[in-house]
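Take a look at the structure below.
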Amino acid sequence: MKNKNLFLVAIFLLSFILNGLTVYANNYRSEASLALKQLDTSKYFIAFKLPVAPHTKKQFQQIIATLNNCAQKMELNYMEKHAYMGHVLRDGKIDYARSFEEQNFYVYKLHQTHFLGNFGALGTDKAEYSYHYPMLKGYQVTIQPLKQVFTSRKNFEGIFFLETLDQEKYVTFLTLLNQDLNLAFKTHYTLNDYQITRQTELLLPSFEIDPSLKPISNYLLIFIVIALLIYFLLEWSQLRLCKLNGWSFSRSFFALASKPLAVLLLSISGDIWALYKKLDLTELLFKQLIGFLIVFCVIYLVMLTMYWVSLNNIKEHYFSTILFLLLSAVKVLLLTTLISSFAPIGSLLIDGYNTFSHTPTTASHKYAEFFPYVIGNNPVDDESNYEDLKNIYQIADHQGALLLDDGGSSYKQPSTVPSYLVSVTLNINYLNSYPLYDVDHHKIKIDPKIKQTILIFPINKKYLVAKRLEYERKATGVSQEYGIKVLYSDPKYNQGFKNIVTGKNIANEILRVITPGNVNHH
């Protein structure tokens, strides 16, 4: 009896936790979906960007005045959107553990825009509107009059939306705007320069739920199923007694299955709190109903089989054997899954230990690591920020910075990646600070002006050259245009050639070398 009660408690706790995670995930997705719907401008607006980038408040005021003039002439409304992504300041220091994201809209005629309808605020008369989302921590939306654009921020970047779906009016507006801007800034832009060409230019946020929730939920579900099976195995003796006393299966089923089914229903009592908080559980409740019916059917079939074989020694023996094998298979599968899931964590811990236990060389003390990560005003994808990232690298390279990217190395890539594709990327500064020697024990020197793709192969991996060159010619434009230069190193002369961050020897890795001459093509 005690064991059965323990299993009931375990089933309740596991089911309660699983339900809590499911409610959280469901409402996170619902709120993220709502947030993206509210930002949808496609029903009333056509987006455009400004080819001229204002660098001062005066220039921005001139641009806004031009936009206002064009909007007034065309009797149209428009708005500017400014996005910001960053981290919270705490006691004067940046708290990288807490991030926030803002979507700010500045509307020419605030109380006439249909955009307020996305937030259920159409017809209201507030000075400004602000929206926060409990599940989306750090995310907020503000809608303000256009005049606030000069006082609420110092940055003047953004994207614009014209409130019309009439293509003729849109083209006429841009034509008028282009003429005025070209005249004011002495430029020669065309209408094509105002077009949005990539989805990322709309500056839409991205919401991602913690990826670890799904595997955790799957494990909890498996544990619950196993606990239920074991519970009913413990109830088998009671089922025999019920049958021996002439009870029907229906009576026996409800007598023995009522407790675990009640426990499962009790475990989703958290839904009452969620409904009280006015969270949307429509889809979740339907899924829970389906899930409960499936569990009910499985329990019913298991108990029906147990009832059928009860009091028959041969049938009981076969059924027990089959059930034992089934449970063993489930346990082995679960154990294998857990081991495979924790393997990356173990690898990460080992790498972390190696990193922290490694004693840096005296030379490496001269360097501080940094990883360019684009946040701030109107952050977009890496492709859109390519020029900025390239400029950052060129400045750092000119000042002697070492580039080391071992993300594609043989010790970080999975074993399924072909050997000819794995490599470490570094720059000439790295080779100058930590020399690499060729097969004749001569220091490898590379002309900084060279525009070719530079690949250095350990001599023992010479057999991979043909496949790698074939891949490079297909994958990269620089290799097609300027060609590829292949050099060979000898690991026996390069035992001291290491990753200065982790201390790991990389003499046996294929190396891609970035030079000032070829960086523009990578």
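Some observations on this one:
- A full extension of the chain between Lys73 and Lys214 corresponds to an added length of 45.3 nm, given 0.36 nm per residue minus the alpha carbon distance.
- By the rule of a C-alpha distance below 30 Å, with chain neighbours fewer than 8 residues away ignored, the lysines paired with Lys445 are Lys366, Lys390, Lys412, Lys461, Lys462, Lys467, Lys474, Lys485, Lys492, Lys498, Lys504.
- Per-residue HN-Hα couplings for the range 433-439 [Karplus 6.51, -1.76, 1.60; θ = phi - 60°; Hz; x = Gly/Pro]: 7, 10, x, 10, 10, 7, 5
- When the inverse distances between all different Cα atoms of the range 175-258 are averaged and flipped, the Kirkwood radius reads 20.0 angstrom.
- Computed from label points 7 Å out along Cα-Cβ, the spacing between Leu13 and Gln61 is 6.6 nm.
- Global geometry of the range 122-182, whether rounded, prolate or oblate, following the gyration tensor of its Cα atoms and the 1.5 cut on a/c: prolate
- Amide H contacts of Tyr437 (H built 1.01 Å from N, in plane; Pro and chain starts excluded): Ile444, Asp490 sit under 5 Å, all sequence-distant by 5 or more or on other chains.
- The local environment of Val486, defined by Cβ-Cβ distances under 12 Å, has a net charge of +3 under the rule Lys, Arg +1 and Asp, Glu -1.
- Sorted by Cβ density within 10 Å, fewest first, the residues Glu472, Glu235, Glu208: Glu208, Glu472, Glu235
- Residue (of Tyr139, Leu202, Phe150) at the positive-pole extreme of the range 40-202, dipole from beta-carbon charges: Phe150
- Our coupling estimate for the range 70-79, obtained by passing each phi through the Karplus curve with A = 6.51, B = -1.76, C = 1.60 and θ = phi - 60°, is 5, 5, 5, 5, 8, 6, 10, 10, 8, 8 Hz, Gly and Pro reported as x.
- Rounded to whole numbers, the Karplus 3J(HN,Hα) couplings from phi for the range 18-35 are 4, 5, x, 5, 5, 4, 4, 4, 4, 6, 5, 5, 5, 5, 5, 5, 4, 4 Hz, using 6.51 cos²θ - 1.76 cosθ + 1.60 with θ = phi - 60°, and x at Gly and Pro.
- Summary value for the range 376-521: 29 percent relative contact order, contacts being C-alpha pairs under 8 angstrom separated by 6+ residues.
- Ala262-Ile314 FRET efficiency (beta carbon distance; Förster radius 30 Å; 0.05 resolution): 0.30
- Sequence-distant lysines (8 or more away, or on other chains) whose Cα lies within less than 16 Å of Lys287: Lys214
- Under 5 Å between amide hydrogens, built in the peptide plane, is the criterion, and for Ile514 it picks out Leu426, Asn427, Ile428 among residues at least 5 positions away or on other chains.
- Between the range 443-492 and the range 244-278, the Cα center-to-center distance that results, in Å: 67 Å
- Gain in span if fully extended, Leu301 to Lys390, counting 0.36 nm per residue against the direct Cα distance: 25.6 nm
- Charged-residue dipole, Cβ positions (Lys, Arg, Asp, Glu), the range 376-521 about Cα centre, Debye nearest 20: 620 debye
- Order by protection proxy (mean Cβ within 10 Å, highest first), peptides 187-198, 504-515: 504-515, 187-198
Coordinate-derived values only; no laboratory data. Everything numeric here is computed off the predicted structure, so don't read it as measured data. Here Cβ is always computed from backbone atoms with ideal geometry, including for glycine, and neighbour counts include all displayed protein chains.
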